[in-house]
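Below is one structure, written out as structure tokens; the observations come after it.
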Amino acid sequence: MIRRIALFLSFLVSLSFSQAAEPQKATLGAGCFWCVEAIYEQLPGVLDVVSGYAGGPEKNPTYKQVSAGRTGHAEVVQITFDPDQTSYRELIDYFWGTHDVTDPTGVWPDFGKQYRSIILPHNEAQLAEARASRNEARARFDKPVATEIVMLDTFYPAEDYHQDFVRLNPLHPYVKSIAFKKLDKLGLKRP
């Protein structure tokens, strides 16, 4: 009898693990990827955030190329999240409050197409969610929303030294003067 109970409990445990949702990804840009990475790493349900490049035609772009505005890519982050803890829509709804989405020239203090506000859905369901979220967000702003929404073609991870930059470089002048101010404004922790 004890053996049957143990087998039944083992079955229930394996069943509960098999029903867990697979991690999903969201890709978006809101200016310098160092800041965006530091913001999203702190949100519930976020498993990983990788800085990178997307939205342009150049294959295998480098930071030097992207930061010079020669590739059409934007600095973005790719967020891996647990859909049992947060949703794509919640991540996108949060996005509208992280930067000035009405400025088509970039995100202060970084300007140029490579620092534009952009959401890059991975599939049609995410595209619909991003558009619906943008439509609702428009009512909160006095100026038109400049954020682009385009399907993700390819995400290119940035060079290793860009990953976890704020956490690993808390004394860097950009981190101290820009990233920390953004984290403070959003009520998030400094590393």
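Below are the figures for this structure:
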{"quantity": "Using θ = phi - 60° and Karplus 6.51 cos²θ - 1.76 cosθ + 1.60, couplings along the stretch 63-74 (whole Hz; Gly, Pro as x)", "calculated": "4, 4, 5, 5, 5, 7, x, 9, 10, x, 7, 10"}
{"quantity": "Label-point separation in nm, residue 123 to residue 70, each point 7 Å along Cα→Cβ", "calculated": "3.8"}
{"quantity": "Residue 169 paired with residue 82, simple spin-label distance in nm, labels 7 Å along Cα-to-beta-carbon", "calculated": "3.1"}
{"quantity": "Helix axis angle, 124-137 relative to the chain longest principal axis, alpha carbon, degrees", "calculated": "60"}
{"quantity": "Rg/Rh for the chain, where both radii come from Cα atoms and Rh is the Kirkwood radius", "calculated": "1.07"}
{"quantity": "Cross-link reach list, lysines versus residue 182, counting only Cα pairs under 29 Å and skipping chain neighbours closer than eight places", "calculated": "25, 64, 113, 143"}
{"quantity": "Net charge of neighbours whose Cβ lies under 14 Å from the Cβ of residue 49, counting Lys and Arg as +1 and Asp and Glu as -1", "calculated": "-4"}
{"quantity": "12 Å beta-carbon shell around residue 154, net charge (K/R +1, D/E -1)", "calculated": "-1"}
{"quantity": "Separation between Cα centres of the stretch 139-191 and the stretch 26-82, rounded to whole Å", "calculated": "9"}
{"quantity": "Under-5 Å amide H pairs with residue 149, H placed in peptide plane, nonlocal only", "calculated": "119"}
{"quantity": "For peptides 34-43, 133-142, 57-66, 109-118, sequence by mean Cβ density within 10 Å, most packed first", "calculated": "34-43, 109-118, 57-66, 133-142"}
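No value in this document is a laboratory result; all are computed from the given coordinates. It should be emphasised that the depicted structure is a prediction, and the values quoted were computed from it without experimental measurement. Ideal geometry is used to build each Cβ from the backbone, glycine not excepted, and the neighbour counts take in all protein chains shown.
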